[in-house]
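For reference, the structure is listed below as structure tokens.
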Amino acid sequence: MKPLPKSARAVIIGGGVAGASVAYHLAKLGWTDVILLERKQLTSGTTWHAAGLIGQLRASSNMTRLAKYSADLYRKLEAETGVATGLRQTGSITVALTEARKEELSRQASMARVFGVPVEEISSAEVKARYEHLNVSDVLGAVYLPTDGQGDPANIALAMAKGARQMGAQIFENVKVLDIKTSGGRVASVLTDQGEITCDHVVNCAGMWGRDVGALAGVTVPLHACEHFYIVTEGIDNLGKLPVLRVPDECAYYKEDAGKILLGAFEPTAKPWGMDGIPEDFEFDQLPEDFDHFEPILEKAINRTPLLAEAGIHTFFNGPESFTPDDRYYLGEAPEVANFWVCAGFNSVGIQSAGGAGMALAQWMEDGQPPFDLWDVDIRRAQPFQRNRRYLKERVSETLGLLYADHYPYRQYETARGVRRSPVHEILKARGAVFGEMAGWERANWFANEGQERAYDYSWGRQNWFENQRAEHMAVRESVGVFDMTSFGKIKVEGRDALAFMQRVCANQMDVAAGRIVYTQMLNPRGGIECDLTVTRLSEDAFLLVVPGATLQRDLAWLRRHLTDEFVVITDITAGEAVFAVMGPDSRALLQKISPNDFSNETHPFGMAKEIEIGMGLARAHRVTYVGELGWEIYASCDQAAHIFEEILAAGAKPCGLHALDSCRLEKGYRHFGHDITDEDHVLEAGLGFAVKPDKGGFIGRDAVLAKKAVGLSRRLVQFKLQDPAPMLYHNEPILRDGEIVGHLSSGGYGHALGASVGLGYVPCEQQSAAEMLASNYQIEIAGAQFDAVASLKPLYDPTSARAREDA
């Protein structure tokens with residue numbers, strides 16, 4: 001065996017399909033000084049026993065783009081490397097046994113049309129014609145994706161490994177990584193049982209070992225292995241070639257291969273595995289059979305596919321796969337350590353995802369920025385507490401089954417809850433709060449009435465909290481409500497050079513008087529939006545940044561990566577302050593009941609923060625809004641938070657939840673990061689040019705802003721309102737302009753003051769004026785049906801923002 005090199009540009013840890021893909025794509029970009037280390041043999045962890053299903057339709061356009069890339073790549077690999085990938089374009093059928101599932105599939109079919117994935121909605125008779133062995137007596141409908149297929153997982157990985165070698169990468173098997181050393185906040189070297197390799201980059205592709213490999217460098221990679229079960233039948237005479245079949249209402253998938261049927265399951269309550277660590281000698285291993293666990297799936301499968309009753313079982317397989325707390329894999333540079341990259345945690349979709357994921361990560365490493373928006377899978381969404389093993393064990397017991405559960409809008413996780421709570425959690429609970437979870441935070445989503453069950457009754461229509469949301473929404477529009485927004489991320493930037501630093505990373509003017517609040521974005525060099533935030537200047541050399549709770553780790557990483565030799569300290573102070581948004585036309589009158597301070601326009605104008613007395617405590621009142629009404633965000637230290645919140649409630653504010661906040665912001669057309677604005681959405685095309693000040697001097701993204709101004713916009717973010725008050729919008733619904741699909745909604749919800757569903761979405765506008773854009777006829781497609789919509793470039797609710805900025 002040849003000795004390990006002493007140095008490399010990049011060291012990839014893990015020789016499964018993900019590691020092979022990253023090595024292949026880095027080599028393709030000319031990174032010949034790449035080393036892949038595998039603890040045993042290539043594919044011996046989980047890749048070798050994967051089912052090999054290769055679907056293309058995912059939950060977002062960019063995830064679909066990556067899955068389509070994978071399928072295209074696997075088709076070409078055999079000609080390039082001589083290794084057969086076993087790729088067959090069999091097509092796939094997903095059947096619905098309930099009306100709710102049929103609605104979900106119809107919505108997915110609409111989404112497929114937007115994303116350019118061929119799709120057919122078919123009847124039970126057409127299902128039977130394509131899959132003659134199926135019992136379709138209770139099948140209500142189905143979707144057929146003709147370009148889906150299946151492949152040989154191990155050979156796909158080996159083909160990419162061979163391709164990487166052909167282009168200069170080196171692969172070493174039977175090498176154990178012992179430690180990862182860092183210096184100055186960056187990767188420095190990888191220590192193995194065969195020597196140390198100094199390197200510029202490390203890529204964690206360690207699969208179910210990914211959490212432990214991350215821990216070697218102090219990086220959070222929250223994933224945990226679960227047992228995954230399938231059976232393979234004996235050969236079945238005259239079985240024929242069949243499409244991949246999914247019956248999610250029975251938690252089952254079927255794959256025909258070489259005259260046999262593979263039946264696999266994503267059961268509702270999974271079995272986590274490896275809580276005490278994965279055995280040292282694990283290699284091409286399987287776990288003990290548990291027929292009792294699998295039997296309920298098999299019983300339904302025999303009814304669904306009666307020929308299984310006569311077929312013998314050739315293999316009962318149980319093998320581990322890694323799952324994450326939100327069923328999405330991890331990709332990108334870790335926020336804790338520069339040049340430590342992650343490509344792991346694939347939640348049983350590793351084969352269909354790895355080709356595209358490896359391509360995207362390699363390009364990210366090459367360019368220093370992602371090739372397009374990858375926030376869905378960005379490692380920076382992971383929260384530090386999520387590496388807790390008890391948390392992971394509890395959560396992944398649920399997330400495996402969620403792959404085939406009904407994907408209802410607003411679905412909440414049920415396991416591993418209650419980790420992060422606001423100081424007023426129990427007060428909210430006593431008022432009837434029904435909580436959701438975001439980044440571990442328990443947040444009041446809506447408030448149940450007296451005697452109403454405090455639980456979600458999910459559907460694709462108006463859910464059981466629709467009227468509760470309406471009452472909260474209208475309280476904010478007509479009187480006054482209060483939201484607990486403690487989950488906001490709060491970052492303090494201070495020091496001698498704080499102003500210069502903030503001017504460089506923010507697009508708006510930061511050189512304002514102390515007490516002023518500035519709405520701004522942090523941009524990347526392409527003019528895309530990295531962060532959407534408010535900045536309050538606290539003093540000459542201190543600023544408070546308020547960011548979405550879900551993006552806190554991302555935003556901290558962005559700030560720290562761009563800190564050079566400035567004398568600046570960046571501190572996460574999220575846990576130190578609670579935030580209560582008192583919003584509505586009566587908010588001024590309410591605050592004047594419990595505070596002696598002056599809240600008039602003259603003394604406390606919009607965009608100003610002031611210290612106030614409130615109740616018997618002290619707080620800061622920030623006059624801003626995310627609902628489009630007169631209001632203040634009250635920032636209180638956590639020790640005084642409960643008292644101040646009780647004072648606000650006692651003065652008459654109606655407690656309101658996050659669902660009402662979202663419906664109010666949609667009526668106003670306010671953008672939501674991760675949906676309406678991302679790092680690939682140009683700030684001018686997002687309609688946020690008012691928050692960009694090119695004349696202030698240099699800042700990240702300024703050149704891209706000026707360039708876009710010179711050439712003009714290619715698309716614009718448009719607000720839509722359905723003419724029909726009945727249908728419900730969520731996101732990803734197709735936008736039709738004069739009968740042609742031109743885009744999809746980035747977000748949607750019900751606008752109770754406007755009396756219909758509203759949404760936001762980008763529409764192409766090459767060489768067109770605003771008037772020309774709006775002169776078209778627009779429709780929104782929902783589950784295959786088209787609904788007329790009003791389009792507007794200004795907010796449909798209070799277009800001049802008079803309600804928030806002037807005396808109510």
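Couple of notes before you dig in:
- Across all directions, the average projected area of the convex hull around the alpha carbons of region 638-710 is 8.2 nm².
- Note that region 473-541, at 20 °C in a medium of 1.002 mPa s, gets a Stokes-Einstein diffusion coefficient of 152 µm²/s from its Kirkwood radius over C-alpha pairs.
- Using θ = phi - 60° and Karplus 6.51 cos²θ - 1.76 cosθ + 1.60, couplings along region 127-139 (whole Hz; Gly, Pro as x): 4, 4, 5, 8, 9, 5, 7, 8, 7, 10, 4, 10, 7
- The GluC sites (Glu not before Pro) of region 744-806 meeting both criteria, a DSSP state outside H, G, I, E and B (loop) and at most 10 other C-beta atoms within 10 angstrom of the site's C-beta, are GLU766.
- Length-normalised contact order for region 604-711 - Cα pairs under 8 Å, 6+ apart - percent: 16
- The convex hull of the Cα atoms of the chain, projected and averaged over all directions, covers 34.1 nm².
- Accessible surface of the chain, 1.4 Å probe, proportion on carbon and sulfur as whole %: 48
- Rounded to two decimals, the Cα radius of gyration of region 106-212 over 2.2 N^0.38 Å is 1.81.
- Net charge in the neighbourhood of LYS2 (other residues with Cβ under 15 Å of its Cβ; Lys, Arg +1, Asp, Glu -1) is 0.
- Rg of the Cα atoms in region 1-90, relative to 2.2 N^0.38 Å, amounts to 1.23.
- Loop-located trypsin sites (Lys or Arg not before Pro) in region 709-758 (DSSP state other than H, G, I, E, B) with a sparse environment of at most 15 neighbouring Cβ atoms within 10 Å are absent.
- Averaging the sequence gap over all C-alpha pairs within less than 8 Å and six or more residues apart, then dividing by the number of residues, gives the chain a relative contact order of 12 percent.
- Restraint check, LYS2/LYS393; LYS162/LYS708; LYS668/LYS696; LYS181/LYS393; LYS429/LYS492, Cα-Cα greater than 32 Å: LYS2/LYS393; LYS162/LYS708
- Each of the peptides 657-663, 637-643 was scored by the mean count of other Cβ atoms within 10 Å over its residues; in descending order, highest first, they stand as 657-663, 637-643.
- Loop-located trypsin sites (Lys or Arg not before Pro) in region 142-247, at most 16 other Cβ atoms within 10 Å (DSSP): LYS176, LYS241
- MRE, 222 nm, helices only [DSSP H, n ≥ 4, -39500 (n - 2.57), over the chain, to nearest 500]: -8000 deg cm²/dmol
- Spatially, region 755-803 and region 76-134 are offset by 32 Å when compared through their Cα centroids.
- Radius ratio Rg over Rh of region 202-255, counting only Cα atoms, Kirkwood formula for Rh: 1.24
- Over the Cα atoms of region 424-531, the radius of gyration divided by the Kirkwood radius equals 1.12; this is the Rg/Rh ratio.
- Rounded to two decimals, the Cα radius of gyration of region 65-129 over 2.2 N^0.38 Å is 1.44.
- In this structure the chain gives 37 Å² per residue of accessible area when probed at 1.4 Å with all protein chains present.
The values are calculated or read from the model by the stated rules, or taken from the named source; none is laboratory data. If you're wondering where the values come from, they're calculated on a predicted model, not measured in any experiment. Ideal geometry is used to build each Cβ from the backbone, glycine not excepted, and the neighbour counts take in all protein chains shown. Protein only, heavy atoms only, side chains kept; ligands, DNA and RNA dropped before computing areas. Shrake-Rupley method; radii C 1.70, N 1.55, O 1.52, S 1.80 Å.
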